[in-house]
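Below is one structure; the comments refer to it alone.
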Amino acid sequence: MPHTSQSRRRYRAHALALSVFLASASACGGTHLNPVSGSSGGAPQTFVSTTSETRSSRVIDIRDGLTKAAEFRAATDLLTQRYSVDVSDQRAGFLMTPWQATVVKNGVPDLRYRMRIVIRFAGDDWKQVIVRAEANWQRGDEWDIGYDSKALDDVATDLRARIGKKAP
């Protein structure tokens, strides 16, 4: 397809804008992109800032026929495959990982981002389990509160496959 003069002008304008950006970046020592967020110094793309517990939780209906011990063991096994467990109370049906810096830049954990997983079996009969992936992003002296969408989806999906009700 032949280039029109208009498309060549557009191409030159984009090339000029890119060269100006690169020149200004190198003048300030360059940009250092966060490999998780794709931006310089921003929160990871998986971080969702919210104070709503509804958005940051997944509720899983547990399939019939499982004992509380089997349910708890499945949740514990799932967490220990990826994380360390800080709090484990089988009688209360509660598991929680410690806060962990999950973003690594140049081989060093970025301590501005931290995340933890909380699993809580609901009610006396444990017919449901609630999964949360709490996350914080530090900006200056303040922490933005939210959740890690990828960790939440991954843990909820895996737990649903282990103890959740099968789709009809």
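The numbers here are math on the coordinates, done by the rules we state, and not lab data. Bear in mind that the values here come from a model prediction, so they are computed numbers and not experimental data. Backbone-built Cβ (ideal geometry, glycine too); neighbour counts: all protein chains shown.
Cβ-to-Cβ counts within 10 Å put Arg73, Arg55 in ascending order as Arg55, Arg73, the fewest first. Exposure proxy shown here: for Lys165, Lys68, the number of other Cβ atoms within 10 Å sets the order, fewest to most, as Lys165, Lys68.
Dipole size of the stretch 47-163 about its Cα centre, with +1 on Lys/Arg Cβ and -1 on Asp/Glu Cβ: approximately 180 debye, rounded to the nearest 20.
Only lysines eight or more places from Lys127 in sequence, or on another chain, were considered; those with a Cα closer than 21 Å are Lys68, Lys165, Lys166. As a rough footprinting exposure proxy, the listed residues Ile117, Ile145, Ile163 were ranked by other beta carbons within 10 Å of their own, and the order from fewest upward is Ile145, Ile163, Ile117. Note on the stretch 47-163: Rg/Rh from C-alpha atoms, Kirkwood Rh, equals 1.00. A Förster radius of 25 Å combined with the Cβ-Cβ distance from Thr54 to Phe94 puts the calculated FRET efficiency at roughly 0.80.
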